[in-house]
1. Given 130, 114, 162, which one is surrounded by fewer than 16 Cβ atoms within 10 Å (Cβ to Cβ) and not assigned by TED's automatic domain parsing to the domain that holds residue 59?
2. Have a look at 61, 65, 52 and point out the one that is buried (at least 16 other Cβ atoms within 10 Å of the Cβ) and not in a helix (DSSP H, G or I).
3. Of everything in the stretch 68-85, what is touching a residue at least 24 places away in the same chain (Cβ under 8 Å) and surrounded by fewer than 18 Cβ atoms within 10 Å (Cβ to Cβ)? Give them in sequence order.
4. Take residue 104 and tell me if it is outside any loop (DSSP other than H, G, I, E, B) and under 30 Å from residue 159 (Cα atoms).
5. Looking at 107, 143, can you tell me which residue is on the phi > 0 side of the Ramachandran plot and free of Cβ contacts under 8 Å to residues at least 60 places away in the same chain?
6. Scan the stretch 17-47 for residues that are more than 23 Å from residue 71 (Cβ to Cβ) and either touching a strand residue (DSSP E or B) at 6+ places or on another chain (Cβ under 8 Å) or buried (at least 16 other Cβ atoms within 10 Å of the Cβ) (or both) and report the count.
């Protein structure tokens, strides 16, 4: 009797754990989509009314929607959201008022993206790589080939280390999902079998 209770309890706990994990994943995904949808609605209204006239307005809107976030992540997020918003505008997934032309909004969003890329062309890179690439660009502008070569060597080492780490993760993850599924199936099967006996 005790063995059956333990098996039933462990199966039940496993099921609860999986349900909670799925709910957390769904909640996080939905929250992310809701933030982007708020960004789109706010951008559309702001562009239509003329309240969004410069890039800083987009950054402030993103910061307000995202909450506390460091500047590098915010710049990357603004760039990503502006690109996604541009796709929605072009594919007519965003409805704009008749008095406002979506081509005007498209031009304005495109200019915001260009402005971000001009001021921070490496915003979407991880921090370490962004710093090295910025240093290389600065060294090239200053015609300092020794520093540029040194930073390029550092960047190559960093890329190599990340590639090795990525390959290692890929090898370990290759088996983790199938093993987790097999473990779940076996746990459920044994739990069901113990309830049957």
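1. Details: 130 fails: surrounded by fewer than 16 Cβ atoms within 10 Å (Cβ to Cβ); 114 fails: not assigned by TED's automatic domain parsing to the domain that holds residue 59.
After applying the criteria, what remains is 162.
2. Selected residue: 52, the only one of 61, 65, 52 that is buried (at least 16 other Cβ atoms within 10 Å of the Cβ) and not in a helix (DSSP H, G or I).
3. Result: 72, 80, 83, 84.
4. no
5. Answer to the selection: 143.
6. Final tally of qualifying residues: 2.
The values are calculated or read from the model by the stated rules, or taken from the named source; none is laboratory data. Just so we're clear, the structure is a prediction, and the values are computed from it rather than from any experiment. Positions of Cβ are generated from backbone atoms using ideal geometry, with glycine treated the same way; all protein chains shown enter the neighbour counts.
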